[in-house]
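Working notes, beginning with the structure itself.
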Amino acid sequence: MMTVTATPPTATPTTFERGTADSLRAQLRGPLFLAGDPAYEDARTVWNGMIDRYPAVVARCLGVADVVTCVNFARTHGLPLSIKGGGHNIAGLAVCDGGLMLDMSLMRGVWTDPSARTARAQAGCLLGDVDRETQLHGLAAVLGFVSNTGVAGLTVGGGFGYLSRRYGWTCDNLLSMDVVTADGRVVRASERENPDLFWALRGGGGNFGVVTSFEYKLYPVGPEIIAGAIAWRVEDAADVLELYRKTQETAPPEFACIAGLRLAPPAPWIAKEIHGKPIVVLFVCHTGDIDAAERALAPIKAFGAPVGDIVQRRPYVSQQSLIDAQQPKGRRYYWKSEYLGGFAPDLFDTATAHAQHIPSPHSAVLLFPLDGALNRLPDDHSAAGNRDAKVVLNVAAAWESSADDAVNIEWSRAAWRDLRRYSTGGVYVNFLTEEEGDERIHAAYGENHRRLVDVKTTWDPTNLFRINKNIAPRSA
Ligand SMILES: Cc1cc2nc3c(=O)[nH]c(=O)nc-3n(C[C@H](O)[C@H](O)[C@H](O)COP(=O)(O)OP(=O)(O)OC[C@H]3O[C@@H](n4cnc5c(N)ncnc54)[C@H](O)[C@@H]3O)c2cc1C
């Protein structure tokens, strides 16, 4: 029998018999790729260019039955099993060495029910797929800020975006999920059906099953809103960030604003003489009434001497993809993150000081708004918890060459070491890097961790789903 060998330069080589692969292929509707196949290389690579893993086989599922087949196959053959939604996880959790990579990227259907204000989205959808369909009806789900990231990883990890101040975590706005369990059953998880699974999958990551579709609540948004980005020289950072703090603390929930400190990219909307120099930038988005939005944004647009301003009337979907191009697939990425309980007095000065030493033109210190609806629910409402978080801090390093790994990683770590004193003690599970293990996973879940272990022990006692920020089951 012929064998194919996946030969990772950094991990144990694995062999996988072609006959075994052929038996799996025969049971699938979607395609399957092995090392040596022309499509294998592209299929195994994920967004973060730091991740270089070699699955024995990549199965691109074309329906729930394919997912069931893959789960049963991985379990009976004792193969590691990874699940790929959009492939954007910073830790590269979509891909494993020597196992079965279950790739959902062909399952991108979205069904909107405008009268019920709900949408069901298949788990291979990118955020932009869902926005595109729901915006036909002037509706939107609570999703993230970058349209080419996956809904699946985002939703099972919690999820936040421009609508979170109004409506909470993405997973707070889930009505149900269809799930393939570790023993290959197809079940629904909702408040009424399998509520323990529903609770855990809303924040607990891919630990409990393969979600094949998500049913989201939708809200009226746009299709046109006032939004965009506005930037100033870093010399103005103290004043701009004070304006940001005041705005954030007083603005209605319709208004969400991300602050970033970085080197100015060579974007046409930023004055040419500023390119490559440090800037402070606000990404603003008002999803309420257009006149109210114009009034709310006027003081920001009039503030100081911006070096670029594209805050204007625009389609909601254009705001949702405004920063897509700045984070392309294949670049090298490393993040350190914390939840903050607010804006401590010297937070901005500390962040600005580290931003002055950014070694790469692609890196940034970012502050995302969370305060509002999610703070009003109890911590155990779902696994996502962290109901005391008001801001997400992310020290996001991005660079091109492996020769520059050390300097960029150390910049991110040094800034984080200094900034983590403002943390609530919690951290967003979806922002944990490859090396962040048990201690950080506990920090991500706090008191909810114990209940997650219970649910894991019920639904996945053998830890089939372990290529994730793992919640280990209790041993029998
Ligand atoms: C550029 C960029 C911008 C981002 N912006 C935001 C943001 O605005 N808001 C936010 O909340 N997060 C954001 N994130 C984080 C993002 O939510 C996570 O990276 C998330 O994991 C991406 O989902 P994915 O489907 O692309 O992940 P993948 O890498 O495909 O999967 C990650 C993990 O999710 C789990 N998973 C995937 N599919 C399934 C499934 N069908 N069933 C069960 N588990 C599954 C698995 O454990 C898998 O290993 C951003 C990430 C990037 C790279």
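No value in this document is a laboratory result; all are computed from the given coordinates. Small disclaimer: the values here were computed from a predicted structure and weren't measured. Positions of Cβ are backbone-derived with ideal geometry, glycine not excepted, and every protein chain shown enters the neighbour counts.
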*Could you compute the FRET efficiency for Arg192 and Ser475, with r as their C-beta to C-beta distance and R0 at 30 Å, rounded to 0.05?*
0.45
*For the chain, calculated [θ]222 nm from helices alone, where every DSSP H run of n ≥ 4 adds -39500 (n - 2.57)*: -8000 deg cm²/dmol
*Restraint check, Lys336/Lys390; Lys217/Lys246; Lys336/Lys469; Lys84/Lys469, Cα-Cα greater than 20 Å*: Lys217/Lys246
*Tell me, Lys84, Lys272, Lys277 in order of fewest to most beta-carbon neighbours within 10 Å?*
Lys272, Lys277, Lys84
_If neighbour count is taken as other Cβ atoms inside 10 Å, put His442, His354, His286 in order from fewest to most._
His442, His354, His286
*Quote the convex hull volume per residue of the range 12-152, based on C-alpha atoms, as a whole number of Å³.*
116 Å³
_Taking the number of other C-beta atoms within 10 Å as the exposure measure, put Ser213, Ser318, Ser176, Ser402 in order starting with the fewest._
Ser402, Ser318, Ser176, Ser213
*Grab the beta carbon distance between His77 and Ala302, set R0 = 56 Å, and tell me the FRET efficiency rounded to 0.05.*
0.30
*Label 7 Å along Cα→Cβ of His357; the range 402-430 residues with amide nitrogen under 18 Å?*
404-422
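Would you mind calculating the gained length between Lys329 and Arg108 on full extension (0.36 nm times residue separation, minus the Cα-Cα distance), in nm to one decimal?
77.6 nm
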*Over the C-alpha atoms of the range 361-419, what are the Rg and the largest Cα-to-Cα span, Dmax, in Å?*
15.7, 46
*Residues of the range 207-230 with amide nitrogen under 16 Å from the 7 Å Cα-to-Cβ point of Arg376?*
219-220
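Note down the Stokes-Einstein diffusion coefficient of the chain in µm²/s, whole number, using a Kirkwood radius over alpha carbon pairs, 4 °C, and 1.567 mPa s.
57 µm²/s
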_Kirkwood estimate for the range 386-464, i.e. one over the average of 1/r between Cα atoms, Å_ = 14.8 Å
*Return the distance in nm (one decimal) between the two label points of a simple spin-label model at His137 and Asp37, each offset 7 Å from Cα along Cα→Cβ.*
3.6 nm
*Given 0.36 nm per residue, what is the gain on full extension from Lys217 to Glu17 after removing their alpha carbon distance, in nm?*
67.5 nm
*If one computes the Cα centroid of the range 278-299 and of the range 339-354, what distance in Å separates the two points?*
22 Å
*Can you tell me the FRET efficiency between Glu447 and Arg185 if r is taken as the Cβ-Cβ distance and R0 is 30 Å, rounded to the nearest 0.05?*
0.50
_Could you sort the peptides 456-466, 244-254 by per-residue average Cβ neighbour count (10 Å cutoff), highest mean leading?_
456-466, 244-254
*Separation between the Asp346 and Ala65 pseudo-spin-labels, each 7 Å from Cα along Cα→Cβ, expressed in nm?*
6.5 nm
